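The block underneath contains the structure these notes are about, expressed in structure tokens.
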Amino acid sequence: MAVRRAVAGDLEALHAMRDALVQAAPARRRSAWRKALEGSGYGAWVAEVDGEPAGFIDLIVCSDVSHGGKIGLVNGPAVDERFRGRGLGENLLREAVRHCEEQDVIELHVWRDHDNAWAIGLFEKVGFVDRVLPLERPM
Ligand SMILES: CC(C)(COP(=O)(O)OP(=O)(O)OC[C@H]1O[C@@H](n2cnc3c(N)ncnc32)[C@H](O)[C@@H]1OP(=O)(O)O)[C@@H](O)C(=O)NCCC(=O)NCCS
């Protein structure tokens with residue numbers, strides 16, 4: 001298993017994994033994907049198993065007036081159901097956290113449905129508390 005930055009050509013393989021979370025027409029998703037990749041605060045990663053895309057995570061880093069710094073928002077990670085339970089989701093989320101630490105992000109947020117036990121277990125395992133992960137940063 002390996003985690004790498006996502007590239008434009010990954011969309012077709014990721015379409016089904018995105019659909020597991022929320023459905024969108026391919027044309028709309030293509031357009032949103034292109035715009036997202038152009039955004040300076042956007043990051044996306046793919047987990048591969050034997051060279052096959054098997055998991056995905058993305059995030060947005062933006063400036064937060066309240067904190068006087070940057071905050072991050074992780075979008076729903078998703079792992080192809082054939083590969084769940086093997087640590088891919090955890091590795092993707094840790095990669096997202098690492099990226100935010102490198103970017104001096106002060107606070108990292110996630111969202112999930114209140115009854116999504118898998119996502120709750122994943123986020124808690126990586127250290128999220130009440131949907132917020134305070135990152136250490138010199139003041
Ligand atoms: C949530 C999801 C991304 C987890 O990915 P994964 O690769 O299966 O998770 P991992 O193998 O890395 O497991 C990490 C932790 O997640 C939790 N977890 C994963 N699968 C679980 C399951 N079936 N039941 C309960 N907890 C589970 C556990 O806490 C696990 O830690 P552990 O192995 O020490 O018990 C995956 O289940 C998924 O794609 N679900 C559908 C999409 C979704 O709901 N995404 C989240 C939107 S916010």
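The values are calculated or read from the model by the stated rules, or taken from the named source; none is laboratory data. For clarity, every value in this text was computed on a predicted model and none was experimentally measured. Cβ sites come from the backbone with ideal geometry, for glycine too, and all protein chains shown count toward neighbours. Quick note on the areas: whole protein, heavy atoms, side chains included, nothing else; ligands and nucleic acids left out. Shrake-Rupley method; radii C 1.70, N 1.55, O 1.52, S 1.80 Å.
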Quiz item: Among all residue pairs at least 6 apart or on different chains, which show Cβ distances below 6 Å where the first residue, located in segment 12-27, is in contact (Cβ under 8 Å) with a residue 24 or more places away in the chain and the second is assigned to a loop (DSSP other than H, G, I, E, B) and not β-branched (Val, Ile, Thr)?
Solution: Met17/Asp80; Leu21/Gly76
Exercise. Please state which of the following conditions Gly87 fails to meet, knowing it meets all the rest: (1) surrounded by fewer than 19 Cβ atoms within 10 Å (Cβ to Cβ); (2) within 16 Å of the ligand (Cβ to nearest atom); (3) free of Cβ contacts under 8 Å to residues at least 24 places away in the same chain.
Key: (3)
Quiz item: When Gly69 is evaluated against the numbered criteria (1) over 18 Å from Ile120 (Cα atoms); (2) open to solvent by 20 Å² or more (accessible area, probe 1.4 Å), which criterion, by number, is the only one it fails?
Solution: (2)
Practice problem: Name every residue in segment 110-128 that is of a type in the set (A, V, I, L, M, F, W, C) and open to solvent by less than 100 Å² (accessible area, probe 1.4 Å), in order of residue number. | Solution: Val110, Ala117, Ala119, Ile120, Leu122, Phe123, Val126, Phe128
Quiz item: Restricting attention to segment 96-106, does a residue exist that is under 23 Å from Leu11 (Cβ atoms), more than 8 Å from the ligand (Cβ to nearest atom) and touching a strand residue (DSSP E or B) at 6+ places or on another chain (Cβ under 8 Å)?
Solution: yes
Practice problem: Collect the residues in segment 9-34 that are closer than 26 Å to Glu101 by Cβ and open to solvent by 60 Å² or more (accessible area, probe 1.4 Å), keeping them in residue-number order. | Solution: Leu21
